[in-house]
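To start, the structure under review is shown below, and the notes come after it.
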Amino acid sequence: MTLALAVSSHVPPQEDSTGSEDIRASQNRALLAFELESVTSLDEEQTVVLQGILRHGTTLGTWHSPPEWLPSGAPRARPDVNIRRRIVAFIPQALRTELEGRSSALLSRAVLVATHYTILLRMGPSGTGRAMGRPLGANQIFGIVNSYLPQLLAVALRVLADRSKRESGSWSGLARYHGPLLEAVNLDDLDTLSANAKQHVLKECHRMHILSAQGLWQDLPALEGETRSTVLAGPARYNPPEGAKNPHLPLPDDYVSLLGQRCLWLITQLAPNLFVLGSQLERAWHATLGKGWVPNTVRERRRQAVRDIFSRHVWRDRSGAALGDPPFPLALSKPKGFKSKLADDITDEIRWPPKTHIDFMSLVGTVQAAHMCIALLSTGGRQSEVLDLQRNCVERAVDGRQYANGKTFKLVRKLGGEARDWQLPELAVLALEQQSRLVALGERVGLLAPDDSARPGDTQLSHLWAQLSAAPGASSPWLPVTDINRVLVSFARRIGLEAQPGGQRLRSHRFRKTLARLVALALTQAPRILMDVFGHKSME
C-alpha cells in the first residue's frame with residue numbers, strides 16, 4: 001500500500017468538529033489502527049498515517065491543529081508547527097549548519113521523536129493533576145510542540161555535539177550516531193534555558209517518566225544533576241533569584257470610570273452615525289461596479305464619494321441634537337503628506353469632524369474596541385472565550401433574561417471546548433448586537449479596493465470581532481481578531497487613556513480581575529457568585 005493510499009484509507013471524513021465528538025472519533029480510529037504501545041517504534045511512513053488519522057496533517061514534521069479545536073486567538077491564526085524549523089531555531093548557528101548538512105539524518109530523527117511524543121500526548125494517558133489519565137487538549141499540545149519540546153530536543157542535540165567534539169575533536173561523529181537522543185540530557189544541561197522554559201521542559205521530562213512507567217516511552221532524559229562528590233568539591237552553588245512576578249491587577253477605579261463613560265459615549269452617541277454613513281457608502285460602492293473602470297479609478301471615485309458624503313453629514317446624538325466635538329480626546333489617523341507635518345505642530349487639537357475613509361475605519365475600529373471592553377467587563381470572560389463569541393451569540397430566555405452563548409476551553413474535559421453562557425446586562429446586549437452589525441458593515445465598505453483577493457468568496461462568516469483598522473493594508477475585515485491585548489492598548493491611546501493604568505500594561509485578564517473585585521465589594525456570598533460567573537470548578 002502506498003503512503004498516499006494508506007493516508008486516504010485512514011483519514012476520517014470531514015465532520016462537524018466544533019464539539020469533542022470528532023476529536024474522540026479520530027482518537028478511537030487511531031487506537032483501532034495502531035496499538036498505543038507501538039507508537040515509539042513506528043517508522044516515518046506509519047507515523048504519517050497515524051498523524052493523518054488523528055487529523056493533524058499528513059506531512060511528517062508539520063503538526064497541524066484544526067483551528068476549530070483551538071481557542072480563539074493567535075494559535076488559531078497559525079495552526080501549523082514546523083517541528084524541524086522550531087528545533088533548529090534553538091540551536092547555535094555553527095551547529096545548525098552541521099545538522100542541516102552532513103548530520104541531517106540525526107535532525108530528521110529528532111523530528112520523528114518529537115512527532116511520536118506529540119502523538120502520545122494526543123492519544124495516551126498523558127495528563128497530570130486533575131487531567132490525570134486523559135489525553136492533553138489541542139491547545140496545550142500546540143504550546144508543547146511549538147516551544148518546550150523543540151527546546152528539549154535542541155539541548156539533546158547540543159549535548160551530543162559537545163560529546164562528539166570531546167571524543168573525536170569534531171562533529172563528524174554526529175552523522176554516525178544511532179543511539180537515543182534524550183538520554184544524553186541531564187538536569188544541569190537545562191541551565192542554558194530561561195527560567196520559564198526550564199520549568200516547562202522539566203514538566204515534559206517528568207511526563208515522559210510517567211509515560212515510561214506505563215510502557216509507552218523509552219528515551220528518557222536524566223533528571224539527576226551532578227554527583228554529590230562533584231558538587232561538594234566544586235565551586236559554591238546558589239539558587240538563582242526568583243524572577244519578578246507580574247500578576248494581573250484590577251484596573252484602578254477612576255480608570256474604569258473614565259473608560260466606561262467613553263465607551264458609553266462611543267456606543268450610544270457616535271455609533272449610530274457610522275451606520276447612517278455606512279449605508280450611504282454602500283450605495284457609493286455599488287455605483288462604481290460594472291463600469292469597466294480600472295482599480296485606481298474605482299478607488300479614486302470612492303474616495304471622492306466619501307469626502308462628499310462626510311461633508312454633507314450632520315453628526316447627531318441619539319436624541320437627534322447636533323453632536324459637537326467629542327467630550328474627550330478622540331484621536332483620528334494623521335493626514336498623509338505635507339498636511340501630516342502641519343498636524344505634528346497641533347498635537348493637542350482634536351481633528352473633528354472625520355472627512356476620509358481612513359477616518360471612518362478608524363472610528364469603526366474604535367467603536368468595536370468599546371464593544372469589546374463592555375463585553376469583557378460584563379462577562380468576565382477569558383480572552384479565548386470573548387474572541388470565540390459569534391454574531392448570533394445573544395439569546396433571550398422565555399423569562400426575559402438575556403444571555404451570550406459561547407464556549408469555554410479552560411478547566412473542561414472536551415478538547416474542542418464546552419458550551420456555556422453568560423447572563424448580560426442591557427448595555428452588553430446593545431454592544432454585542434451592535435457589534436454584529438458593525439463587523440458586517442466593515443466587510444462591505446472596509447476597503448476602497450474594488451476587488452480584494454482577501455475576501456473569502458461565498459463563505460458565510462460568523463466571527464464577531466474583525467481586524468478593522470484605519471491603516472491601508474493592515475485592515476482585513478474578513479479575518480477575526482487574534483490579539484485582543486493589542487486592540488485594547490491601541491484603543492486606550494486613541495481615546496486619551498493610559499495604556500498602562502496603575503503601572504501595568506492593559507490586557508484582557510485585568511478586566512476579569514476588575515469584575516472580581518467589584519463583585520466582591522458589592523455582594524455577599526461573592527466567592528460562590530464569582531465561581532459561577534467565571535466558570536471555575538471549585539471554590540478554591
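The values are calculated or read from the model by the stated rules, or taken from the named source; none is laboratory data. Note that this is a predicted model, so its numbers are computed, not measured. When we count neighbours, we look across all protein chains shown, and the Cβ atoms used for this are built from the backbone with ideal geometry, even at glycine. Heavy atoms of the whole protein, side chains included, go into the accessibility calculation; ligands, DNA and RNA do not. Shrake-Rupley method; radii C 1.70, N 1.55, O 1.52, S 1.80 Å.
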Practice task
Kindly provide the set of residues from segment 304-353 that are open to solvent by less than 80 Å² (accessible area, probe 1.4 Å), at pLDDT below 90 and either in contact with a Pro (Cβ under 8 Å, 6 or more places away or on another chain) or of a type in the set (Lys, Arg) (or both), ordered by number.
Solution key: LEU332, ALA343, ILE350, TRP352
Exercise for the section: Of the numbered conditions (1) in contact (Cβ under 8 Å) with a residue 40 or more places away in the chain; (2) farther than 20 Å from ASP388 by Cβ, PRO71 fails exactly one; give the number of that condition. Expected result: (2)
Practice task
Go through segment 244-260 residue by residue and tally those that are in contact (Cβ under 8 Å) with a residue 12 or more places away in the chain and farther than 14 Å from ALA431 by Cα.
Solution key: 10
Exercise for the section: Quick one: PHE275 ticks every box in (1) modelled with pLDDT of 95 or more; (2) within 17 Å of LEU448 (Cβ to Cβ) except a single one, so which number is it? Expected result: (2)
Practice task
State the number of residues belonging to segment 174-226 that are β-branched (Val, Ile, Thr), closer than 25 Å to ARG122 by Cβ and free of Cβ contacts under 8 Å to residues at least 40 places away in the same chain.
Solution key: 1
Exercise for the section: For segment 117-139, indicate whether the set of residues that are at pLDDT below 90, outside any loop (DSSP other than H, G, I, E, B) and under 20 Å from PRO66 (Cα atoms) is non-empty. Expected result: yes
Fill in the blank from the handout: Picked from segment 490-516 (must be within 30 Å of ASP359 (Cβ to Cβ) and among the polar types (S, T, N, Q)), the residue surrounded by the most Cβ atoms within 10 Å (Cβ to Cβ) is SER508
Completion exercise
When restricted to VAL519, VAL487, the only residue without any contact (Cβ under 8 Å) to a residue 60 or more places away in the chain, part of a helix (DSSP H, G or I), open to solvent by 10 Å² or more (accessible area, probe 1.4 Å) and β-branched (Val, Ile, Thr) is VAL519
Fill in the blank from the handout: Filter segment 97-127 for residues that are closer than 25 Å to ILE53 by Cβ and among the β-branched types (Val, Ile, Thr); the one that is most open to solvent (accessible area, probe 1.4 Å) is VAL113
Handout entry: Spans of helices (runs of 4 or more DSSP H) in segment 1-90 with at least 2 residues basic (Lys, Arg), open to solvent by 30 Å² or more (accessible area, probe 1.4 Å) and modelled with pLDDT of 80 or more
Key = 21-33, 83-89
Completion exercise
Per the filter on segment 417-451, residues open to solvent by less than 60 Å² (accessible area, probe 1.4 Å) and basic (Lys, Arg) are ARG420
Handout entry: Single residue of PRO295, PRO272 found to be surrounded by fewer than 17 Cβ atoms within 10 Å (Cβ to Cβ), in contact with an Asp or Glu (Cβ under 9 Å, 6 or more places away or on another chain) and without any contact (Cβ under 8 Å) to a residue 60 or more places away in the chain
Key = PRO272
Exercise for the section: Could you grab the pairs with beta carbons closer than 7 Å, sequence gap of 6+ or different chains, first residue in segment 38-66 and closer than 25 Å to PRO180 by Cα, second one acidic (Asp, Glu) and open to solvent by 40 Å² or more (accessible area, probe 1.4 Å)? Expected result: LEU60/GLU44; THR62/ASP80
Fill in the blank from the handout: Here the residues within segment 145-162 that are open to solvent by 10 Å² or more (accessible area, probe 1.4 Å) and either in contact (Cβ under 8 Å) with a residue 60 or more places away in the chain or not in a helix (DSSP H, G or I) (or both) are ASN146, SER147, GLN151, ARG158
Practice task
Please identify the pairs in which a residue from segment 298-312 that is closer than 14 Å to ASP359 by Cα has its Cβ atom under 8 Å from the Cβ atom of a residue that is open to solvent by 70 Å² or more (accessible area, probe 1.4 Å) and at pLDDT below 95, counting only partners at least 6 apart or on another chain.
Solution key: ARG307/LYS355; PHE310/LYS355; SER311/LYS355
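Any idea which residue in segment 221-241 is farthest from LEU136 (Cα to Cα), counting only those that are open to solvent by 40 Å² or more (accessible area, probe 1.4 Å) and at pLDDT 65 or above?
GLU224
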